[in-house]
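As structure tokens, the structure follows; a few thoughts come after it.
The values are calculated or read from the model by the stated rules, or taken from the named source; none is laboratory data. Everything numeric in this text was worked out from a predicted model, so none of it was measured. Cβ sites come from the backbone with ideal geometry, for glycine too, and all protein chains shown count toward neighbours. When the accessible area is computed, the model is the full protein with side chains, heavy atoms only, and any ligands, DNA or RNA have been set aside. Shrake-Rupley method; radii C 1.70, N 1.55, O 1.52, S 1.80 Å.
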Amino acid sequence: MIKAAIRKAREYNSKSIDSILSSVSVGGSIFTDPSEYNLYFSTLFEHANANIVGNVENNNNSSDQQQLAPLSIVALLLIPSGEIVQQSQAVSAEHAKLYLQAISVHVDDILNLWNKGKIEERHIDDLFKSIRSAAVICAEHKRSYITTSGIIYALAKLAKGSPSPHIFSSSDTLSATNIETDTGTGTSQQVLPTSTSSSSSSNSFTQAHVEFLQCCILASQYSFASKFLNEYPIHNFNKKNISTENVLRYFYFKGIVHIGNQDYKSAVAAFSFCLTVPTKGIVSLITIEARKKIILAKCFLLFDYN
């Protein structure tokens, strides 16, 4: 099934993602047959360095040798989205890690297409849901898989909105040991590369910020998340492209990150913002949890004061 899907993806390199998906849809799970998922992931990693944006209509090569265009790569990444989001038993932690790694190595192409408006928001939303679910699967079995997959750096790139954020270099991007390492003493040592310059342009909020924070929390990478929040604060909330739920999730996760870094005053401020976001007359579960965390953070503050 996957072999036919890959062949179709090459044939439809110049088409839209929907056209590709309708042609490469596969039935059943791709994770139950080792030959299927081995071919799937090997193909994605084989084309990780393909840079053919703007040349997707070149069909001079044979269908078996033709490189996959970025749109085709995104379409292939979306194929197992439903199965991963449903957290099917067929999706193991190892599969989830490989999926996150596949997203990571293609993040520049994803970002370029997203910036050019060639990926619809619903497709981006499906990718983020898949990332979130795959990270949860990893966290339930071996949370270090989240870090070693490179997805935290990849989401930071998407959140920053640039293929080459200042805080990253080409050698850092997929090196999990350059995020945060456990010293074995109950503390962690942050080894995030320092920003060479601060971005002067306003940083717009996207769903990537939300998923970035959640993955950092699932992987216990609080220092990395705090470093990014300080380096690239959000100055622009575009109401057209965001949902109330994602805003609530963002400030809730931000509060969790502050608690993880023992910055309880900032945590209270973040959680308090959740209480002020309009929810159309419906009390959100996130708001309820934020209220509980405010009480917890204030208790920590009182303990530190005493």
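Numbers at a glance
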read-out	value
Residue within segment 82-89 that is open to solvent by 80 Å² or more (accessible area, probe 1.4 Å), of a type outside the set (G, A, S) and either under 22 Å from D126 (Cβ atoms) or at pLDDT 80 or above (or both) present	yes
Breaking point among (1) at pLDDT 60 or above; (2) open to solvent by 10 Å² or more (accessible area, probe 1.4 Å), for T43	(2)
Hey, A297 in contact with a Lys or Arg (Cβ under 7 Å, 6 or more places away or on another chain), assigned to a helix (DSSP H, G or I) and more than 24 Å from S130 (Cβ to Cβ) or not	no
Selection from segment 105-149 of residues that are closer than 13 Å to I17 by Cα and of a type in the set (D, E, K, R)	K118, E120, E121, R122, D126
Looking only at segment 118-131, and only at residues there that are open to solvent by 60 Å² or more (accessible area, probe 1.4 Å) and out of contact with any Ser or Thr (no Cβ under 8 Å at 6 or more places or on another chain), the one that is nearest to A96 (Cα to Cα)	R122
Which numbered condition A134 misses (of (1) under 28 Å from F205 (Cβ atoms); (2) among the small types (G, A, S); (3) at pLDDT below 90)	(3)
Selection status of F251, open to solvent by less than 40 Å² (accessible area, probe 1.4 Å) and under 18 Å from L296 (Cα atoms)	yes
Search result, residues across segment 46-71 that are open to solvent by less than 50 Å² (accessible area, probe 1.4 Å) and either at pLDDT below 65 or more than 17 Å from L111 (Cα to Cα) (or both)	A50, I52, V53, V56, S63, Q66
Scope segment 90-117; condition at positive phi and open to solvent by less than 10 Å² (accessible area, probe 1.4 Å); matching residues	none
Selection count where residues are more than 15 Å from T206 (Cβ to Cβ) and assigned to a helix (DSSP H, G or I), scope segment 137-161	13
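Yes or no, residue by residue, for (1) in contact with a Gly (Cβ under 9 Å, 6 or more places away or on another chain); (2) modelled with pLDDT under 85; (3) open to solvent by 30 Å² or more (accessible area, probe 1.4 Å); (4) basic (K, R):
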{"position": "K8", "(1), (2), (3), (4)": "no, yes, yes, yes"}
{"position": "S16", "(1), (2), (3), (4)": "no, yes, yes, no"}
{"position": "I30", "(1), (2), (3), (4)": "no, yes, no, no"}
{"position": "P34", "(1), (2), (3), (4)": "no, no, yes, no"}
